[in-house]
Every structure is written in C-alpha cells, then in structure tokens.
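These notes concern the structure reproduced below.
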Amino acid sequence: MSEAIKRVSPDEAHRLMTEDGYLYLDVRTPTEFAAGHPVGAQNVPWALPGPAGMAPNPEFLPLCEKLYEKGCPIVLGCRSGVRSLKAAHALAHAGYTAVVDQRAGFEGPRDAFGQVLEKGWAGAGLPVERETPGASYAELKAKAGAV
C-alpha cells in the first residue's frame with residue numbers, strides 16, 4: 001500500500017460531492033448503509049459479516065471495476081475511517097486515479113474510552129438519507145451483472 005491517499009474531513013467530502021461531482025462510495029455493510037448514509041451515496045461493502053466475524057468482500061474490487069471508470073472521482077467512507085482507507089488503497093492500487101478517503105466516516109473515530117475524536121458525516125450535520133434508489137449493494141450487483 002504505497003499509494004498516498006488524500007484524507008478529507010466530512011465537510012470537505014461534502015464539498016467535493018456538491019462542487020466537484022465526486023461519488024460517495026459507502027463501504028460499510030448493507031445493514032449499516034440501510035440505517036442511514038450520505039445523500040446520494042452508493043454501497044459496495046469492503047467487508048461483510050461471516051461466521052468468524054468480518055471478512056473481506058471478494059466482490060469489492062471486481063464490482064467497482066464494472067461500475068466505475070478508473071478516472072471516476074470517488075470519496076470513500078465507512079463508519080470511522082478504517083475500512084474506507086483500506087478500500088481507497090485497493091482502488092488506487094488497481095489504477096483508480098481520483099480516490100479520496102473521508103477520514104472520519106459516518107460516525108467518527110473513537111478513542112479507547114468511546115469518545116468521538118472527530119465528528120463523522122452524521123455528527124457534522126451533513127445530509128443523510130435511508131434510501132437511495134439504485135444505490136444498495138444488491139441493486140448495484142444486479143446492475144453490474146455477475147462479478
């Protein structure tokens with residue numbers, strides 16, 4: 001993971017979306033996405049729950065490659081900034097050239113005592129929705145066909 005990934009605040013991510021046409025790619029699980037996500041976001045999970053806990057989603061990169069051009073400007077976000085940074089590195093390594101990580105995620109990173117270190121998308125008061133037609137993981141997989 002030698003690619004340098006630009007990490008931005010939720011406010012900067014929102015600006016990139018509204019002013020520069022960036023897509024917000026939410027890499028949380030479908031359940032997390034359905035509970036609330038940035039307005040207009042699309043959901044391709046980086047990891048999925050399995051019998052032994054969270055496991056990497058083998059469809060992440062193949063699905064992204066079917067859905068998004070390598071030059072597509074993408075902001076990646078998750079719950080607290082950990083999964084999205086990993087996903088951003090994977091996309092950059094695969095040749096994506098306009099990838100940015102939203103470092104605080106949807107809820108914001110927390111310290112060992114559970115205190116929020118930086119407000120995430122929701123805590124920053126940015127627009128949130130529960131349903132975005134055509135943006136769920138299942139709908140995106142159907143749109144892309146088999147991966």
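What is the distance in Å between the Cα centroid of region 88-147 and that of region 10-58? A separation of 3 Å, based on Cα centres. Computed extension length for Glu69-Ala112: 11.6 nm, one decimal, from 0.36 nm per residue of separation with the Cα-Cα distance subtracted. In the chain, excluding the sites themselves, the longest stretch lacking any of the GluC sites (Glu not before Pro) that are in a DSSP loop with at most 13 other Cβ atoms within 10 Å is 4-68. The length gained on full extension between Val128 and Glu12, counted as 0.36 nm times the residue separation minus their Cα-Cα distance, comes to 40.2 nm. Summary value for the chain: 31 percent relative contact order, contacts being C-alpha pairs under 8 angstrom separated by 6+ residues.
By the gyration tensor of its Cα atoms, with a ≥ b ≥ c the square roots of the eigenvalues, what is the shape of region 6-102: rounded for a/c under 1.5, prolate for a/b over b/c, or oblate? Note, shape of region 6-102 comes out oblate. Of the chymotrypsin sites (Phe, Trp or Tyr not before Pro) in region 73-135, the ones in a loop by DSSP (not H, G, I, E or B) with at most 16 other beta carbons within 10 Å are Phe113. Compactness check for region 46-96: Cα Rg over 2.2 N^0.38 Å is 1.17. Among the trypsin sites (Lys or Arg not before Pro) within region 64-147, those in coil by DSSP and having at most 15 neighbouring Cβ atoms inside 10 Å are Lys70, Arg130. Secondary structure note: in region 1-121, about 30% of the DSSP beta bridges are antiparallel. Can you bin region 1-62 into rounded, prolate or oblate? Criterion: square roots of the alpha carbon gyration tensor eigenvalues sorted a ≥ b ≥ c, rounded for a/c under 1.5, prolate for a/b above b/c, oblate for the rest. The shape class here is oblate.
None of the figures in this text is laboratory data; all of them are computed from the coordinates on show. These figures come from a predicted structure and were not determined experimentally. Quick reminder, even Gly has a Cβ in these numbers, built from the backbone with ideal geometry, and neighbours come from all protein chains shown.
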